[in-house]
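Here's the structure we're looking at; comments come further down.
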Amino acid sequence: MLVVQADISQLPLYNDDLWASGIPDSVANFREQINSADALLFSVPEYNYSLPGPMKNAIDWASKNPNVFAGKPATMLGSGGSSGTATAQLHLRQAAVWLDIHFLNRPSIQIKRFVEQDVFDDEGNLISDKWRQRIREQMQALQQWTEQLQK
């Protein structure tokens, strides 16, 4: 399995008027990454019990007709406070209904970053064998889910 990270930091704020004058290269490249992917993995931080603005902005760019998310299998993971990003993940699931993203239901990954000890090192790298194994299981389940949806 090859995982390619999409850089959303260069996407401008969504502006419907840009479609008429030509979308920026960063938007075209981002949309092509999604379009060419077999499946999607969302890393979901949680800000104020919801999705962060840059993630919502990226979703808006990708969902414009044609919606490049349509029919894609996907999963998500995150780490955060006491809910471990569960609330933000639920908000993404809500949006996914309209976007026609087919999320894997289990296993789900919500790491309670400030509750559990020895999960990340000082640079933010995952060091927990327990969570590494759970993420491996999630990626295997995503591969199976993708194959099932492609039949």
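The values are calculated or read from the model by the stated rules, or taken from the named source; none is laboratory data. As the structure is a computational prediction, the values presented were derived from the model and not from experiment. With ideal geometry, Cβ positions are generated from the backbone for all residues, glycine too; neighbour counts draw on all protein chains shown. Heads up: the accessible areas ignore ligands, DNA and RNA and are worked out on the full protein's heavy atoms, side chains in. Shrake-Rupley method; radii C 1.70, N 1.55, O 1.52, S 1.80 Å.
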Here is a list: Ala70, Ala86, Ala141. Which entry is at pLDDT 95 or above, more than 25 Å from Phe30 (Cβ to Cβ) and small (Gly, Ala, Ser)?
Ala141
(1) outside any helix (DSSP H, G or I); (2) farther than 21 Å from Ala141 by Cβ all hold for His91 apart from (1)
Looking only at the stretch 104-145, count every residue that is open to solvent by less than 80 Å² (accessible area, probe 1.4 Å) and closer than 19 Å to Leu90 by Cα and tell me the total.
9
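Being out of contact with any helix residue (DSSP H, G or I) (no Cβ under 6 Å at 6 or more places or on another chain), among the charged types (D, E, K, R) and open to solvent by 30 Å² or more (accessible area, probe 1.4 Å) narrows it down to one residue among Lys56, Lys72; which is it?
Just one listed residue meets the conditions, Lys56.
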Between a residue in the stretch 54-73 that is over 25 Å from Lys151 (Cβ atoms) and any residue that is open to solvent by 40 Å² or more (accessible area, probe 1.4 Å) and acidic (Asp, Glu), which pairs come within a Cβ distance under 8 Å, given they are 6 or more apart or on different chains?
Lys64/Asp16
